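Enquirer: Got a structure for you, written out below as structure tokens; questions coming shortly.
The values are calculated or read from the model by the stated rules, or taken from the named source; none is laboratory data. As the structure is a computational prediction, the values presented were derived from the model and not from experiment. Methodologically, a virtual Cβ is constructed for each residue, glycine included, from the backbone with ideal geometry; neighbour enumeration extends over all protein chains shown.
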Ligand SMILES: Nc1ncnc2c1ncn2[C@@H]1O[C@H](COP(=O)(O)OP(=O)(O)OP(=O)(O)O)[C@@H](O)[C@H]1O
Ligand SMILES: [Mg+2]
């Protein structure tokens, strides 16, 4: 189901063409470094990371496997503590932002509870985070989010009755039900086939346009990064740092035709050559 077409009649809440530079940084990293223990010593995994993600922006992190993309996302989510430098989300430490329910997380695996149906799964985090919320209110919110991700009608289905793409939509609805300001996504469509993946990209773009969330996406797909993002941060290895931040100037609203826009092709080519270079350096 094409969620963008389905939702086209609904007024959009943001003007996605407003310049990214006008908005203040919502997620900011300064001189950030992360060391992990390795065989009795320290291994520097991230070094001198400086990032400013404007509020309401959509940015992607792309780079060779093992370069530290997930680690950077985990620092934003308060799951990894930086060894040096600072990370703030909405002016707070990541842990404070998590406690204030400002951050939603989506990973490659949907990790739904198999004994709960779609709406129970979508309401689960909200009910855990807010013990005072009435069940009916949590379910209303979960139902609205399932609708937003194109899953109305599937509320009573169990995870085993849903496809991989549908399960991932439930995971996105579960994160959105918290109404976070920031959505952090680590290869959320990595396990899906190419066509489902494109559908999910359109679904995510639609959610972003309608909700004004700040979204950070880790992906290995150049196409996905260009189609969805305002900015792509390209990471290099040894230890990981940001080697280039590429603004994506493909006009909004983005549709299937965007893939053949000259700005799309130019961004794709630039990212491909940066990644090839980064891979070569990683092998040396
Ligand atoms: N908890 C940990 N303890 C020790 N080392 C870790 C830990 N987590 C990650 N690493 C190491 O940090 C480096 C970066 O890992 P990370 O998972 O962030 O890479 P990635 O860019 O997300 O890779 P991929 O694209 O394969 O998902 C790797 O060398 C990894 O082995
Ligand atoms: Mg990873």
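Enquirer: With the requirement that a residue be under 11 Å from residue 63 (Cα atoms) and either part of a loop (DSSP other than H, G, I, E, B) or touching a helix residue (DSSP H, G or I) at 6+ places or on another chain (Cβ under 7 Å) (or both), what does region 228-274 give you?
Expert: 232, 234, 235, 236, 237, 243, 244, 271, 272
Enquirer: Being in contact (Cβ under 8 Å) with a residue 40 or more places away in the chain, within 14 Å of the chain's Cα centre (by Cα) and within 16 Å of ligand 1 (Cβ to nearest atom) is true for just one of 188, 180. Which residue is that? Working first, answer last.
Expert: Working: 180 fails: within 16 Å of ligand 1 (Cβ to nearest atom).
Residue meeting the stated conditions: 188.
Enquirer: Take residue 262 and decide whether it is over 25 Å from residue 172 (Cα atoms) and in contact (Cβ under 8 Å) with a residue 12 or more places away in the chain.
Expert: Answer is no for this residue.
Enquirer: When you go through (1) in contact (Cβ under 8 Å) with a residue 60 or more places away in the chain; (2) surrounded by fewer than 20 Cβ atoms within 10 Å (Cβ to Cβ) one by one for residue 128, which number turns out not to apply?
Expert: Every condition holds for residue 128 apart from (1).
Enquirer: Considering each residue of region 64-74, count those that are in contact (Cβ under 8 Å) with a residue 60 or more places away in the chain and more than 6 Å from ligand 1 (Cβ to nearest atom), and give that number.
Expert: Within region 64-74, residues that are in contact (Cβ under 8 Å) with a residue 60 or more places away in the chain and more than 6 Å from ligand 1 (Cβ to nearest atom) number 3.
Enquirer: Every residue in region 48-70 that is surrounded by fewer than 20 Cβ atoms within 10 Å (Cβ to Cβ) and either outside the structural domain of residue 210 (by TED's automatic domain parsing) or over 21 Å from residue 228 (Cα atoms) (or both), please.
Expert: 48, 50, 66
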